[in-house]
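Asker: Pasting a structure here, questions to come.
The values are calculated or read from the model by the stated rules, or taken from the named source; none is laboratory data. Note that the structure is a prediction, hence the values are computed from the model and not measured. When we count neighbours, we look across all protein chains shown, and the Cβ atoms used for this are built from the backbone with ideal geometry, even at glycine. Areas reflect the complete protein model, heavy atoms only, side chains present, ligands, DNA and RNA absent. Shrake-Rupley method; radii C 1.70, N 1.55, O 1.52, S 1.80 Å.
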Amino acid sequence: MLHWIIISVAFLFIGANILPLVRNSFWVFRILEYPRLQKLSIGIIILLTMFFFRKDADTIFLITAGLVFLCCAYLCYKIFPYTIFAANEMKKVTVLAKNCDIKILTANVLEDNTEYHRLLGLIKEVDPDIIFLLETDEKWLNGVKELEEIYPYNLKKPIANTYGLLFFSRYVLRNEKIVFRVDEEVPSIEAEAQLPCGQWVKIFGLHPKPPVPGESLTATAKDKELMKVALLVEKEKLPCVVMGDLNDVAWSHTTELFRKVSRLLDPRRGRGFYSTFSANHWWVRFPLDYIFCSSNFGLVKMNRLPHFGSDHFAMFIHLRYQPQLEKIHEEPLADVEEKEEAREKASEAVD
(Lines give C-alpha, C1' and ligand atoms only; values in the text may rest on other atoms or scores of the structure.)
Protein backbone atom coordinates (compact mmCIF):
# COMPACT_ATOMS: atom_id res chain seq x y z
CA MET A 1 0.00 0.00 0.00
CA LEU A 2 2.77 2.45 0.97
CA HIS A 3 4.47 1.63 -2.33
CA TRP A 4 1.47 2.93 -4.29
CA ILE A 5 0.95 5.93 -2.03
CA ILE A 6 4.51 7.07 -2.81
CA ILE A 7 3.93 6.56 -6.54
CA SER A 8 0.62 8.48 -6.38
CA VAL A 9 2.22 11.44 -4.59
CA ALA A 10 5.06 11.38 -7.11
CA PHE A 11 2.63 11.53 -10.03
CA LEU A 12 0.82 14.47 -8.44
CA PHE A 13 4.19 16.22 -8.28
CA ILE A 14 4.93 15.33 -11.91
CA GLY A 15 1.52 16.65 -12.97
CA ALA A 16 2.11 19.93 -11.11
CA ASN A 17 5.24 20.41 -13.20
CA ILE A 18 3.72 19.42 -16.53
CA LEU A 19 0.62 21.64 -16.29
CA PRO A 20 2.55 24.96 -16.47
CA LEU A 21 4.11 23.79 -19.74
CA VAL A 22 0.67 24.00 -21.35
CA ARG A 23 0.36 27.42 -22.96
CA ASN A 24 -3.08 28.13 -21.58
CA SER A 25 -3.98 31.35 -19.76
CA PHE A 26 -6.48 29.70 -17.37
CA TRP A 27 -5.39 30.23 -13.76
CA VAL A 28 -4.90 26.52 -12.96
CA PHE A 29 -2.10 26.32 -15.52
CA ARG A 30 -0.50 29.66 -14.66
CA ILE A 31 -0.56 29.64 -10.87
CA LEU A 32 1.55 26.49 -10.78
CA GLU A 33 4.44 28.49 -12.29
CA TYR A 34 4.78 30.42 -9.04
CA PRO A 35 5.98 27.86 -6.45
CA ARG A 36 8.89 26.36 -8.37
CA LEU A 37 11.28 26.64 -5.45
CA GLN A 38 8.69 25.03 -3.17
CA LYS A 39 8.06 22.30 -5.74
CA LEU A 40 11.79 21.62 -5.95
CA SER A 41 11.88 21.10 -2.18
CA ILE A 42 8.94 18.70 -2.40
CA GLY A 43 10.57 16.86 -5.30
CA ILE A 44 13.78 16.33 -3.35
CA ILE A 45 11.79 14.94 -0.41
CA ILE A 46 9.96 12.56 -2.77
CA LEU A 47 13.27 11.39 -4.28
CA LEU A 48 14.78 10.78 -0.85
CA THR A 49 11.68 8.83 0.18
CA MET A 50 11.83 6.72 -2.99
CA PHE A 51 15.53 6.07 -2.40
CA PHE A 52 14.73 4.89 1.14
CA PHE A 53 12.17 2.41 -0.24
CA ARG A 54 14.31 1.37 -3.22
CA LYS A 55 14.42 -2.29 -2.11
CA ASP A 56 10.73 -2.61 -3.01
CA ALA A 57 11.20 -0.90 -6.37
CA ASP A 58 9.54 -2.34 -9.46
CA THR A 59 9.57 -1.00 -13.03
CA ILE A 60 6.78 1.54 -12.42
CA PHE A 61 8.53 2.72 -9.25
CA LEU A 62 11.83 3.24 -11.08
CA ILE A 63 10.22 5.03 -14.03
CA THR A 64 8.34 7.29 -11.63
CA ALA A 65 11.56 8.09 -9.76
CA GLY A 66 13.22 8.94 -13.07
CA LEU A 67 10.39 11.33 -13.98
CA VAL A 68 10.57 13.01 -10.57
CA PHE A 69 14.32 13.47 -11.05
CA LEU A 70 13.76 15.05 -14.48
CA CYS A 71 11.18 17.42 -12.99
CA CYS A 72 13.66 18.46 -10.30
CA ALA A 73 16.36 19.01 -12.91
CA TYR A 74 13.96 21.19 -14.93
CA LEU A 75 13.05 23.24 -11.83
CA CYS A 76 16.74 23.77 -11.09
CA TYR A 77 17.25 24.96 -14.66
CA LYS A 78 14.41 27.49 -14.38
CA ILE A 79 15.40 29.02 -11.05
CA PHE A 80 19.20 28.82 -11.49
CA PRO A 81 19.55 32.29 -13.12
CA TYR A 82 18.12 33.80 -9.91
CA THR A 83 20.61 32.14 -7.60
CA ILE A 84 23.96 33.51 -6.43
CA PHE A 85 25.67 30.80 -8.50
CA ALA A 86 24.62 32.34 -11.83
CA ALA A 87 26.37 35.22 -13.59
CA ASN A 88 25.12 38.73 -12.79
CA GLU A 89 23.03 40.07 -15.64
CA MET A 90 23.56 43.65 -14.45
CA LYS A 91 26.96 45.02 -13.50
CA LYS A 92 27.59 46.67 -10.18
CA VAL A 93 29.17 50.13 -10.52
CA THR A 94 31.48 52.01 -8.18
CA VAL A 95 32.50 54.95 -10.39
CA LEU A 96 31.22 58.16 -8.80
CA ALA A 97 28.56 59.94 -10.83
CA LYS A 98 26.03 60.86 -8.19
CA ASN A 99 24.29 63.46 -10.30
CA CYS A 100 23.21 60.63 -12.62
CA ASP A 101 21.80 58.42 -9.86
CA ILE A 102 18.22 57.40 -9.30
CA LYS A 103 16.98 55.63 -6.17
CA ILE A 104 13.61 53.90 -6.37
CA LEU A 105 11.31 52.34 -3.80
CA THR A 106 8.28 50.33 -4.90
CA ALA A 107 5.83 48.70 -2.50
CA ASN A 108 2.47 47.01 -2.47
CA VAL A 109 1.27 48.46 0.82
CA LEU A 110 -1.81 46.22 1.33
CA GLU A 111 -4.94 48.34 1.28
CA ASP A 112 -6.10 47.18 4.75
CA ASN A 113 -2.72 47.93 6.32
CA THR A 114 -2.87 51.09 8.48
CA GLU A 115 0.74 51.14 9.71
CA TYR A 116 1.62 54.16 7.61
CA HIS A 117 4.37 55.21 10.00
CA ARG A 118 6.32 52.01 9.37
CA LEU A 119 6.46 52.63 5.63
CA LEU A 120 7.31 56.30 6.17
CA GLY A 121 10.13 55.16 8.43
CA LEU A 122 11.55 52.94 5.67
CA ILE A 123 11.28 55.79 3.18
CA LYS A 124 13.20 58.14 5.49
CA GLU A 125 15.85 55.48 6.02
CA VAL A 126 16.62 54.74 2.34
CA ASP A 127 15.76 58.24 1.01
CA PRO A 128 14.52 57.28 -2.50
CA ASP A 129 14.14 59.75 -5.37
CA ILE A 130 11.11 57.89 -6.75
CA ILE A 131 8.35 56.18 -4.74
CA PHE A 132 5.69 53.94 -6.26
CA LEU A 133 2.99 52.70 -3.88
CA LEU A 134 0.30 50.18 -4.82
CA GLU A 135 -3.02 49.09 -3.28
CA THR A 136 -3.49 52.66 -2.06
CA ASP A 137 -6.90 54.15 -1.27
CA GLU A 138 -7.88 57.54 0.19
CA LYS A 139 -6.78 56.43 3.66
CA TRP A 140 -3.31 55.69 2.36
CA LEU A 141 -3.22 59.00 0.48
CA ASN A 142 -3.88 60.79 3.78
CA GLY A 143 -1.56 58.49 5.71
CA VAL A 144 1.50 59.39 3.60
CA LYS A 145 0.51 62.99 2.84
CA GLU A 146 3.72 64.32 4.34
CA LEU A 147 5.61 62.88 1.35
CA GLU A 148 4.23 65.69 -0.80
CA GLU A 149 6.49 68.15 1.04
CA ILE A 150 9.60 66.25 -0.03
CA TYR A 151 8.36 64.90 -3.36
CA PRO A 152 6.62 67.79 -5.15
CA TYR A 153 6.03 65.90 -8.41
CA ASN A 154 3.43 63.16 -8.20
CA LEU A 155 0.64 61.14 -9.74
CA LYS A 156 -2.27 59.95 -7.61
CA LYS A 157 -5.04 57.49 -8.27
CA PRO A 158 -6.33 56.24 -4.93
CA ILE A 159 -8.99 53.58 -5.47
CA ALA A 160 -10.63 51.28 -2.93
CA ASN A 161 -10.37 48.19 -5.15
CA THR A 162 -6.77 47.15 -4.28
CA TYR A 163 -5.50 48.71 -7.53
CA GLY A 164 -5.04 52.30 -6.44
CA LEU A 165 -1.59 53.86 -6.86
CA LEU A 166 0.51 56.77 -5.64
CA PHE A 167 3.66 57.95 -7.42
CA PHE A 168 6.04 60.49 -5.86
CA SER A 169 9.18 62.02 -7.38
CA ARG A 170 11.70 64.56 -6.18
CA TYR A 171 12.87 64.80 -9.80
CA VAL A 172 11.10 66.98 -12.35
CA LEU A 173 8.51 65.08 -14.42
CA ARG A 174 7.19 65.60 -17.90
CA ASN A 175 4.62 63.76 -20.00
CA GLU A 176 3.36 62.17 -16.79
CA LYS A 177 0.00 60.43 -16.98
CA ILE A 178 -2.20 57.76 -15.48
CA VAL A 179 -3.33 55.24 -18.05
CA PHE A 180 -5.75 52.30 -18.12
CA ARG A 181 -4.10 49.97 -20.62
CA VAL A 182 -6.39 46.98 -20.26
CA ASP A 183 -8.95 47.41 -17.50
CA GLU A 184 -10.89 50.54 -16.53
CA GLU A 185 -10.40 49.61 -12.86
CA VAL A 186 -6.64 48.96 -13.07
CA PRO A 187 -4.49 52.08 -13.56
CA SER A 188 -0.79 52.30 -14.32
CA ILE A 189 1.58 55.23 -14.66
CA GLU A 190 3.87 56.55 -17.34
CA ALA A 191 6.24 59.47 -16.90
CA GLU A 192 9.62 60.92 -17.79
CA ALA A 193 11.88 61.99 -14.90
CA GLN A 194 14.93 64.21 -15.24
CA LEU A 195 18.07 63.17 -13.38
CA PRO A 196 20.22 65.94 -11.86
CA CYS A 197 22.73 65.46 -14.70
CA GLY A 198 19.99 66.45 -17.18
CA GLN A 199 19.27 62.97 -18.57
CA TRP A 200 15.59 62.06 -18.93
CA VAL A 201 14.43 58.58 -17.95
CA LYS A 202 11.19 56.91 -19.03
CA ILE A 203 9.32 55.27 -16.15
CA PHE A 204 6.47 52.75 -16.28
CA GLY A 205 4.64 51.63 -13.14
CA LEU A 206 2.30 48.61 -13.27
CA HIS A 207 0.06 46.42 -11.14
CA PRO A 208 -1.85 43.98 -13.39
CA LYS A 209 -4.43 41.55 -12.04
CA PRO A 210 -3.11 38.13 -11.04
CA PRO A 211 -4.57 34.92 -12.52
CA VAL A 212 -6.34 33.72 -9.38
CA PRO A 213 -10.03 33.15 -8.57
CA GLY A 214 -11.58 36.31 -7.17
CA GLU A 215 -9.33 38.50 -9.34
CA SER A 216 -9.16 37.03 -12.83
CA LEU A 217 -9.73 33.44 -13.96
CA THR A 218 -7.17 33.86 -16.73
CA ALA A 219 -3.82 35.59 -17.16
CA THR A 220 -4.97 37.28 -20.37
CA ALA A 221 -5.25 40.79 -18.89
CA LYS A 222 -1.93 40.56 -17.07
CA ASP A 223 -0.11 39.23 -20.12
CA LYS A 224 -1.69 41.88 -22.33
CA GLU A 225 -0.55 44.76 -20.11
CA LEU A 226 2.96 43.37 -19.74
CA MET A 227 3.34 42.86 -23.49
CA LYS A 228 1.94 46.30 -24.30
CA VAL A 229 4.56 47.87 -22.07
CA ALA A 230 7.32 45.60 -23.42
CA LEU A 231 6.54 46.70 -26.98
CA LEU A 232 6.52 50.37 -25.92
CA VAL A 233 9.89 49.99 -24.18
CA GLU A 234 11.34 48.24 -27.23
CA LYS A 235 10.72 51.39 -29.31
CA GLU A 236 11.66 53.89 -26.59
CA LYS A 237 14.84 55.92 -27.15
CA LEU A 238 15.18 57.12 -23.56
CA PRO A 239 16.64 54.96 -20.78
CA CYS A 240 13.77 53.00 -19.22
CA VAL A 241 12.67 51.69 -15.86
CA VAL A 242 9.66 49.38 -15.38
CA MET A 243 8.54 48.73 -11.84
CA GLY A 244 5.70 47.50 -9.68
CA ASP A 245 3.88 44.40 -8.50
CA LEU A 246 3.67 42.44 -11.76
CA ASN A 247 1.87 39.49 -10.14
CA ASP A 248 4.14 37.08 -11.95
CA VAL A 249 7.24 35.18 -10.91
CA ALA A 250 10.65 35.90 -12.39
CA TRP A 251 10.97 32.45 -14.00
CA SER A 252 7.59 32.37 -15.74
CA HIS A 253 7.25 32.20 -19.51
CA THR A 254 5.53 35.60 -19.58
CA THR A 255 8.21 37.37 -17.54
CA GLU A 256 10.91 35.84 -19.73
CA LEU A 257 9.04 37.01 -22.81
CA PHE A 258 8.69 40.50 -21.31
CA ARG A 259 12.45 40.69 -20.67
CA LYS A 260 13.36 39.58 -24.16
CA VAL A 261 10.95 41.87 -26.00
CA SER A 262 11.68 44.93 -23.84
CA ARG A 263 15.42 44.15 -23.69
CA LEU A 264 15.42 45.27 -20.07
CA LEU A 265 17.77 43.86 -17.46
CA ASP A 266 16.69 42.19 -14.23
CA PRO A 267 19.22 43.13 -11.52
CA ARG A 268 18.15 40.10 -9.48
CA ARG A 269 19.59 37.61 -11.94
CA GLY A 270 22.72 36.21 -10.35
CA ARG A 271 22.01 37.85 -6.99
CA GLY A 272 19.07 35.95 -5.49
CA PHE A 273 15.29 35.62 -5.55
CA TYR A 274 14.46 38.74 -3.51
CA SER A 275 11.03 37.21 -2.95
CA THR A 276 8.52 39.85 -1.89
CA PHE A 277 5.25 37.95 -1.35
CA SER A 278 4.11 36.69 1.08
CA ALA A 279 5.82 38.72 3.78
CA ASN A 280 3.78 36.81 6.37
CA HIS A 281 4.65 33.22 5.35
CA TRP A 282 8.27 32.31 4.62
CA TRP A 283 7.33 28.92 3.15
CA VAL A 284 5.07 30.51 0.50
CA ARG A 285 7.17 33.34 -0.85
CA PHE A 286 7.61 34.40 -4.48
CA PRO A 287 9.39 37.25 -6.32
CA LEU A 288 6.42 39.33 -7.54
CA ASP A 289 7.66 42.94 -7.22
CA TYR A 290 10.15 44.15 -9.80
CA ILE A 291 12.37 46.98 -10.94
CA PHE A 292 13.63 46.32 -14.47
CA CYS A 293 15.92 48.81 -16.23
CA SER A 294 17.67 49.38 -19.54
CA SER A 295 21.28 48.39 -20.14
CA ASN A 296 22.66 51.92 -19.74
CA PHE A 297 22.17 51.69 -15.97
CA GLY A 298 24.52 50.11 -13.48
CA LEU A 299 23.59 48.77 -10.06
CA VAL A 300 24.84 50.59 -6.98
CA LYS A 301 22.67 48.86 -4.40
CA MET A 302 19.52 46.74 -4.14
CA ASN A 303 17.59 45.64 -1.07
CA ARG A 304 14.40 43.93 -0.05
CA LEU A 305 13.28 46.13 2.81
CA PRO A 306 12.01 44.97 6.23
CA HIS A 307 8.40 44.09 6.93
CA PHE A 308 6.16 47.15 7.36
CA GLY A 309 2.73 45.59 7.92
CA SER A 310 1.91 44.65 4.33
CA ASP A 311 1.74 41.15 2.86
CA HIS A 312 4.48 42.33 0.46
CA PHE A 313 8.01 43.46 1.20
CA ALA A 314 9.09 46.73 -0.41
CA MET A 315 11.91 46.74 -2.96
CA PHE A 316 14.60 49.42 -3.10
CA ILE A 317 17.17 49.94 -5.82
CA HIS A 318 19.90 52.50 -6.40
CA LEU A 319 20.80 52.83 -10.09
CA ARG A 320 23.45 54.90 -11.83
CA TYR A 321 23.09 56.06 -15.42
CA GLN A 322 26.28 55.25 -17.35
CA PRO A 323 25.66 55.03 -21.12
CA GLN A 324 28.94 53.18 -21.73
CA LEU A 325 27.45 50.15 -19.98
CA GLU A 326 25.31 49.45 -23.07
CA LYS A 327 28.44 48.00 -24.69
CA ILE A 328 29.19 45.83 -21.65
CA HIS A 329 25.79 44.48 -20.70
CA GLU A 330 24.33 41.58 -22.66
CA GLU A 331 20.70 42.45 -23.29
CA PRO A 332 18.07 39.69 -23.51
CA LEU A 333 16.79 39.43 -27.07
CA ALA A 334 13.56 38.09 -28.53
CA ASP A 335 13.50 36.13 -31.76
CA VAL A 336 10.90 36.58 -34.49
CA GLU A 337 8.48 34.04 -33.01
CA GLU A 338 8.71 35.59 -29.54
CA LYS A 339 8.02 39.08 -30.88
CA GLU A 340 5.01 37.75 -32.74
CA GLU A 341 3.78 36.05 -29.56
CA ALA A 342 4.15 39.33 -27.67
CA ARG A 343 2.14 41.20 -30.33
CA GLU A 344 -0.58 38.56 -30.19
CA LYS A 345 -0.81 38.81 -26.40
CA ALA A 346 -0.86 42.61 -26.56
CA SER A 347 -3.85 42.54 -28.92
CA GLU A 348 -5.74 39.65 -27.33
CA ALA A 349 -9.33 40.35 -26.30
CA VAL A 350 -10.03 40.44 -22.57
CA ASP A 351 -13.40 39.40 -21.16
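Asker: What are the principal axis extents of the Cα atoms in the chain, in Å, biggest first?
Answerer: 70, 46, 41
Asker: Let me ask something additional. Taking each full run of DSSP H in the chain as one helix, which ones are at least 15 Å long along their axis (Cα atoms) and have mean Kyte-Doolittle hydropathy of at least 1.0?
Answerer: The answer, listed by residue number, is 2-18, 36-52, 59-79.
Asker: What is the local net charge at residue 322, summed over the other residues whose Cβ is closer than 11 Å to its Cβ (Lys, Arg +1; Asp, Glu -1)?
Answerer: Value of the local net charge: +1.
Asker: Give me the 1.4 Å probe accessible area per residue for the range 14-116, excluding ligands and nucleic acids, in Å².
Answerer: Ligands and nucleic acids excluded, the figure is 56 Å² per residue.
Asker: Hey, what's the range 216-336 come to in accessible area per residue, 1.4 Å probe, Å²?
Answerer: 34 Å²
Asker: Follow-up question, since we're still on this one. If you restrict to DSSP beta bridges whose two residues both lie in the chain, what percentage is antiparallel, to the nearest 5?
Answerer: Working: 43 of 54 bridges.
That works out to approximately 80 percent antiparallel.
Asker: If you don't mind, another one. Roughly how many Å² of residue 321 are accessible to a 1.4 Å probe, to the nearest 10?
Answerer: Here the accessible area works out near 40 Å².
Asker: Identify unpaired cysteines across the chain, taking unpaired to mean no other cysteine Cβ lies under 4.7 Å from the residue's Cβ.
Answerer: So, 71, 72, 76, 240, 293.
Asker: Moving on to the next point. In a solvent-free Debye calculation with one equal scatterer on each Cα, what is log10 I(q)/I(0) for the range 77-209 at q = 0.09, 0.14, 0.16, 0.21 Å⁻¹, listed in the order of the q values?
Answerer: -0.32, -0.73, -0.91, -1.22
Asker: In addition: Compute the signed sum of charges (Lys and Arg +1, Asp and Glu -1) over the other residues within less than 12 Å, Cβ to Cβ, of residue 271.
Answerer: In short, +4.
Asker: A further question follows. Where does each of 51, 273, 297, 11 land when they are ordered by accessible area, with a 1.4 Å probe and the largest first?
Answerer: 51, 11, 273, 297
Asker: What accessible area, in Å² to the nearest ten, does a 1.4 Å probe give for residue 13?
Answerer: Surface open to solvent at residue 13 totals about 10 Å².
Asker: A further question follows. For the chain, with all protein chains present and a 1.4 Å probe, just round the carbon and sulfur fraction of the accessible area to a whole percent.
Answerer: Percent of accessible area from carbon and sulfur atoms in the chain: 59.
Asker: Now a separate question. Quick check: residue separation of residue 41 and residue 322 times 0.36 nm, minus the Cα distance between them. What number comes out in nm?
Answerer: Residue separation times 0.36 nm, minus the Cα-Cα distance, leaves 97.2 nm.
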